[in-house]
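The values are calculated or read from the model by the stated rules, or taken from the named source; none is laboratory data. The structure presented is a predicted model; accordingly, all values stated were derived computationally and were not measured. Quick reminder, even Gly has a Cβ in these numbers, built from the backbone with ideal geometry, and neighbours come from all protein chains shown. Remember, those area values only see protein heavy atoms, side chains included, never the ligands or the DNA or RNA. Shrake-Rupley method; radii C 1.70, N 1.55, O 1.52, S 1.80 Å.
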Amino acid sequence: MKNLLKYTAFAAVLLLSAPSCDYLDKREETDGLSIEEVFGNANNYELYVEWMIQNPILQYLQNGLHPHGSWDDISDNSMSTANFVVPCLVVAQGDFWTMISHGNCVMSNENVWTRIWKHVRIANMGLKYIDMYPGDEAGRNKILGTCYFYRAFAYFEACRRWGGMPYFLEPFEDLSENFDRERDDMRTTYLNIANDFAEAAKYLEPVIDVTEWQHPTSVAALAMRSRALLYAASPQATEEGGQTREDLWEEAALAADEAIKAAEDNGYELVPESEYYYIFKGQNTDTYTKEVLFGRRHKINWGSDAYKATIRPPGKLDGLYGVATNQKFVDCFDMANGYPIDDPDSGYDPQNPYVNRGSRFEHDIIHNGSEPYPGYKMDLYNQVQHADGSITLGGGDISYDGGSVRDGYTTTGTYGKKWMGDQWNTALDQVWPYIRIAELYLNFSEAAAEAGWSATDSHGCRYTPLEALNMVRNRGGIADLPAKYQSGDLFLERIRNERRVELCFEDHRFFDIRRWKIGTTTDQHIYRVLITKLEGEYDTAAYPTGYRYEEDTAPVLRRTYEERHYLFPIKREDTYLGPLFKQNPGWE
């Protein structure tokens, strides 16, 4: 404990005590510790590097009143039902300046920017002084692997938020050094990130004890490398780099295949459909450690802000603010027979819309008639049509104030469910998967399809693009992809749809929209389904559930999406460092 306190004090002083880019600069060690005392002592050195693991850049599960799942809430998947300053509301106005300056926007604000560069600083210090480490080879390898991993991880989070960055390989020695550096383009930055992850994989172990589960492994490093190369090959990065690089798609596919092989050969796998819940929640260690390649755990108490105010909706479920899911996103969940709902062969009935969907649908979506907790059946209808034909607003689990839905209640007719537990009045053990093996199969399918590979040709890899896609679909209770969707643009469309469904609320959709450059060309608004409970006599053949479902053509939330919104603005004071470090386009 004495060493831990000593290390903490040292790190706090060393890393950040001044504005602007001082978080990259070496601060005076005012607590009396010298470089030799920190890096010449094995225990202190290890604690110094451990700081990055114990102090994550993003705390997805511990944000209290700040809306959880906020990345999907600023995408076309969902919106928060809160009425105060939350990311989805400022994004709807196109106001990213508020996002980087407001405390509620905990995934994109200045604090995130600062923490990213603090991690870069610590990683570079750890790498620089490695020859001073007096411990054994295993300890040395763990330090090197962790530092390479976290430098790459920090740069990845910076790049997909703010664009390409100068890639610092060493810590600055003093304030006289020139911080004014030209920014690399996104593609170059992602390629540097991929190289760092590859380097990390050389030093880290493929499997670690469950007591160290939140630490990175070589498999996690290879997995993150595949993601970095996928981003490097995507339109946003290649267009900014000045030319397309079709060879990068093949490189990304091969990297995903390498990561898949490393994962599977070391015992990682897709868990069975019956255990899907336990990837994200519960205490089934054998489940989440099989599928999640790199992640974190945190206990959420039943009455805590993190659970009550950001995950669990009000009313019957005793919460404050839910996540209202976009009806267009709800429509993305395929039928169990493998067909999208707009296919005539799907068997989809718009007046009985929630039956015969894959098992993930019930896991991720709270809908009219679902039972998220035993004995708590949801009545998510907007209005009642009485026997005399008159209409009354509300009456179920969507509460109205006058003619408007009350704050906290869904305005779209459904809620997100992925981060809710299944036991009433019970604390929830949550798992946040930074990356899991399911993503690797989807990374491979997408990159291979973009590289022009046939859906049924493996090109020497472990799976074909179609096989990898079907593995994820089948585990989610969906049949193999029908033949009509197995080639060309239709195949790529189904891969992208599968990413949207399988990885929903896991910090992907918002960035997929960016890297694919579809934000300005596709509908980003949020829509609802209007649900009417029918009383008296009605056509039971037309309305077999006793409800009428009508998808509104007018959005409940209109989003502004312009070209400049593909990147966040950078803190103004950091763009004042000099003429080389430029602000992002459109935010000058």
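Points worth noting:
- Between region 274-343 and region 115-133, the alpha-carbon center distance in angstrom: 36 Å
- Considering only 414, 287, 228, and ranking their Cα positions along the charge dipole of the chain that arises from unit charges at the beta-carbon of Lys, Arg, Asp and Glu, the one farthest toward the positive end is 414.
- For the chain, with +1 on Lys and Arg beta carbons and -1 on Asp and Glu, the positive-most of 71, 394, 365 along the dipole: 394
- Förster-model FRET efficiency, 35 Å R0, residue 98 and residue 37, C-beta, rounded to 0.05: 0.20
- Cα gyration tensor shape for region 434-495, rounded if a/c is under 1.5, else prolate or oblate: oblate
- Overall form of region 347-418 per C-alpha gyration tensor (a/c, 1.5; a/b vs b/c): oblate
- Integer Hz, Karplus 6.51/-1.76/1.60 couplings in order for region 518-530, x for Gly and Pro: 10, x, 8, 10, 10, 5, 9, 6, 10, 10, 10, 10, 8
- The distance separating the Cα centre of region 490-525 from that of region 345-405 comes to 26 Å.
- For region 460-476, the Karplus equation 6.51 cos²θ - 1.76 cosθ + 1.60, evaluated at θ = phi - 60°, returns couplings of x, 7, 5, 10, 7, x, 5, 4, 5, 5, 5, 4, 6, 4, 4, 5, x Hz by residue, with Gly and Pro reported as x.
- Per atom type, the chain shows carbon and sulfur on 46% of its accessible surface, probed at 1.4 Å.
- For residue 392, net neighbour charge (Lys/Arg +1, Asp/Glu -1) across residues whose Cβ lies under 13 Å away: -1
- Accessible area per residue, Å², region 101-206 with all protein chains present, probe 1.4 Å: 35 Å²
- Net charge dipole, the chain: roughly 880 debye, given to the nearest 20, about the Cα centre with Cβ charges of +1 for Lys and Arg and -1 for Asp and Glu.
- Between residue 170 and residue 537, residue separation times 0.36 nm minus the direct Cα-Cα distance comes to 124.6 nm.
- Förster radius 25 Å - calculated FRET efficiency between residue 388 and residue 530 (Cβ-Cβ, nearest 0.05): 0.80
- Region 115-165: C-alpha gyration tensor shape, a/c 1.5 cut-off, then a/b vs b/c: prolate
- Amide H contacts of residue 556 (H built 1.01 Å from N, in plane; Pro and chain starts excluded): 526, 527, 528 sit under 5 Å, all sequence-distant by 5 or more or on other chains.
- Size descriptors for region 286-416 (Cα atoms only): Rg and Dmax, in that order, 17.2, 58 Å.
- The convex hull defined by the C-alpha atoms of the chain has an orientation-averaged projected area of 27.0 nm².
- Phi-based couplings in Hz for region 423-431 (Karplus 6.51, -1.76, 1.60; Gly and Pro marked x): 10, 5, 6, 9, 4, 10, 8, 10, 10
- The chain: relative contact order in percent, alpha carbon pairs under 8 Å with at least 6 residues between: 18 percent
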